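The values are calculated or read from the model by the stated rules, or taken from the named source; none is laboratory data. This is a predicted model, so every value here is computed, not measured. FYI the Cβ positions are ideal-geometry reconstructions off the backbone, even for glycines, and counts take in every protein chain you see. Note: areas computed on protein heavy atoms with side chains; ligands, DNA, RNA excluded. Shrake-Rupley method; radii C 1.70, N 1.55, O 1.52, S 1.80 Å.
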Amino acid sequence: MNIEICRALPEEAGVLTGIAIAAKGHWGYPERWMQIWKPKLTIDAAYIEKNQSWKASIENQPVGFYTLEEKDNNAWLENLWVIPSQIGNGIGRALFDHACRLSKEGGYHIMRLESEPNAIGFYQHMGMHRIGERHSEVDGQPRILPIMEITL
C-alpha cells in the first residue's frame, strides 16, 4: 500500500469534511452528539487556505488528513482523521510522522494537540504524553479532553 501525502486543496474541503465526520462517527457516539459536532468537523476552503492542511491518499483517493496551527509558539496538530476503513493500516502513523517532521522543519520544538478521548492510546504509542486536560460538555454530558505533547 503506497500512501501519498500532499497539500490539501481548498476545493477538497467537502471531501475532508466527509472524512472527519466518518472518523468521529467510528467511535459510536450518539447521533445527537454528531449533529452538535458537525459544525466543528466541517472544514471549509478558508480554513485550508489559512492553515497547513495535508491529506493522505491511496491510489489518488483521500483516506485521511491533518492540519497544523500555531498556538502559544508551539505547533498544534488539529483534525488528524482517517476514514474508518483505513484505521489500523498505517495512515494515522504516516500523517502523524509527517506532521512531526514538518513542525520540526518549521522550527518548532514541541507539538501539542487536544485528543479525541478514544485516540489517546494511538497518540501515546506515537510518543506523546498527557500534559493537561480541557473540561467540556456535549448535550449536558461532561467530557474530559486530554492535552498531549511530544518533543520534536
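Taking N89 as the residue in question, decide whether it is out of contact with any His (no Cβ under 6 Å at 6 or more places or on another chain), more than 24 Å from R143 (Cα to Cα) and open to solvent by less than 30 Å² (accessible area, probe 1.4 Å).
Considered against the rule, which asks whether it is out of contact with any His (no Cβ under 6 Å at 6 or more places or on another chain), more than 24 Å from R143 (Cα to Cα) and open to solvent by less than 30 Å² (accessible area, probe 1.4 Å), N89 comes out as no.
Need pairs with beta-carbon distance below 9 Å; first residue loosely packed, with under 11 Cβ neighbours inside 10 Å and within segment 24-36, second of a type in the set (D, E, K, R); sequence gap 6+ or separate chains.
Pairs found: R32/D139.
Output the number of residues of segment 41-61 satisfying the condition of being closer than 13 Å to W81 by Cα and within 14 Å of the chain's Cα centre (by Cα).
Total meeting the criteria: 7.
Examine segment 39-57 for a residue that is out of contact with any strand residue (DSSP E or B) (no Cβ under 6 Å at 6 or more places or on another chain), open to solvent by less than 30 Å² (accessible area, probe 1.4 Å) and of a type outside the set (V, I, T), and state whether such a residue exists.
For segment 39-57, residues out of contact with any strand residue (DSSP E or B) (no Cβ under 6 Å at 6 or more places or on another chain), open to solvent by less than 30 Å² (accessible area, probe 1.4 Å) and of a type outside the set (V, I, T): present.
Sort out which residues of segment 119-134 are open to solvent by less than 30 Å² (accessible area, probe 1.4 Å) and within 21 Å of I91 (Cα to Cα), and write them in order of number.
Taking segment 119-134 first, the residues open to solvent by less than 30 Å² (accessible area, probe 1.4 Å) are 119, 123, 126, 128, 132.
Correct list: A119, Y123, M126, M128.
Looking only at segment 123-152, count every residue that is more than 19 Å from W81 (Cα to Cα) and in contact with a Phe, Trp or Tyr (Cβ under 7 Å, 6 or more places away or on another chain) and tell me the total.
3
Considering only segment 72-150, give the strands (runs of 3 or more DSSP E) lying wholly within it that have at least 2 residues that are touching a residue at least 12 places away in the same chain (Cβ under 8 Å) and within 17 Å of L16 (Cβ to Cβ).
Output list reads 74-82.
Please find, among E116, E137, the residue that is open to solvent by 90 Å² or more (accessible area, probe 1.4 Å) and at pLDDT below 95.
Of the residues listed, the single one that is open to solvent by 90 Å² or more (accessible area, probe 1.4 Å) and at pLDDT below 95 is E137.
Which residues, counting only those in segment 69-81, are in contact with a helix residue (DSSP H, G or I) (Cβ under 6 Å, 6 or more places away or on another chain) and farther than 14 Å from S115 by Cα?
Answer for segment 69-81, where residues must be in contact with a helix residue (DSSP H, G or I) (Cβ under 6 Å, 6 or more places away or on another chain) and farther than 14 Å from S115 by Cα: just A75.
So which residues in segment 1-23 are open to solvent by 60 Å² or more (accessible area, probe 1.4 Å) and closer than 21 Å to A99 by Cβ, if there are any at all?
Correct list: M1, N2, E4, R7, L9, V15.
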